[in-house]
Amino acid sequence: MSIAVTANIAPSRSLLLAVCFMCVLACAAGILSASSPDLYWPLRLLILLMSCLCSLFVLLNFLRTRIPVRLDIGGEGEIVLRTAAPLPWGYPLRRPGLSQESYSYHVSLSESSTLWPNFLLLNLLADDGRLHILPILWDSVQPATFRALSVALRWIAVREQSAKPQKGDFL
């Protein structure tokens, strides 16, 4: 039996909704904190501006890094991550003729990856030492692809765990 899987992973809409909700809550907390009559008015304005600007920064950074990726898992467990280059800040205004570059990385599954039934948080270590964090939720791929990807990743995790020397093993 082969565990070869190719998955085109789209950015999750439910994760986008959760990040937007957290940013709205942070702005609401800033508004509530700034509405306190006990604070001096410049301090209230500073609290309001900082909470709203931080929320906007988080939202824009999250939107900038939402790019679709392709994950190829070979029959022997080798993983290749293919991704497009993230767009630079201010992309539509600064560089309208930007070509879309794509990158390919040979990666390995880190021990700190989370493999739950409806959520996969992959910490992928590239050959050059970079860490790629890839959240895969139920709405990122088709259900059959999600199941196949989950089985393949669990097989890789078990194989890598059994290949490591255990405590008390002699080399």
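From the list Ser12, Ser36, Ser51, exactly one residue is of a type in the set (Ser, Thr, Tyr) and in contact with a helix residue (DSSP H, G or I) (Cβ under 6 Å, 6 or more places away or on another chain). Which is it? Explain how you work it out, then say what you get.
On the way: Ser12 fails: in contact with a helix residue (DSSP H, G or I) (Cβ under 6 Å, 6 or more places away or on another chain); Ser36 fails: in contact with a helix residue (DSSP H, G or I) (Cβ under 6 Å, 6 or more places away or on another chain).
Only one candidate passes the filter, namely Ser51.
Would you check if there is a residue in segment 19-34 being farther than 25 Å from His106 by Cα, among the aromatic types (Phe, Trp, Tyr) and over 23 Å from the mean Cα position of the chain (by Cα)? Looking through segment 19-34, none of the residues is farther than 25 Å from His106 by Cα, among the aromatic types (Phe, Trp, Tyr) and over 23 Å from the mean Cα position of the chain (by Cα). For the subset of segment 1-21 comprising residues that are assigned to a helix (DSSP H, G or I) and free of Cβ contacts under 8 Å to residues at least 12 places away in the same chain, which member is farthest from Thr65 (Cα to Cα)? Step by step, filter segment 1-21, then rank; the result is Phe21. Being surrounded by 12 or more Cβ atoms within 10 Å (Cβ to Cβ) and outside the structural domain of Ile133 (by TED's automatic domain parsing) is a property that Ile31 has.
The values are calculated or read from the model by the stated rules, or taken from the named source; none is laboratory data. This structure is a prediction, so every number in the text was calculated from the model and none was measured. Cβ sites come from the backbone with ideal geometry, for glycine too, and all protein chains shown count toward neighbours.
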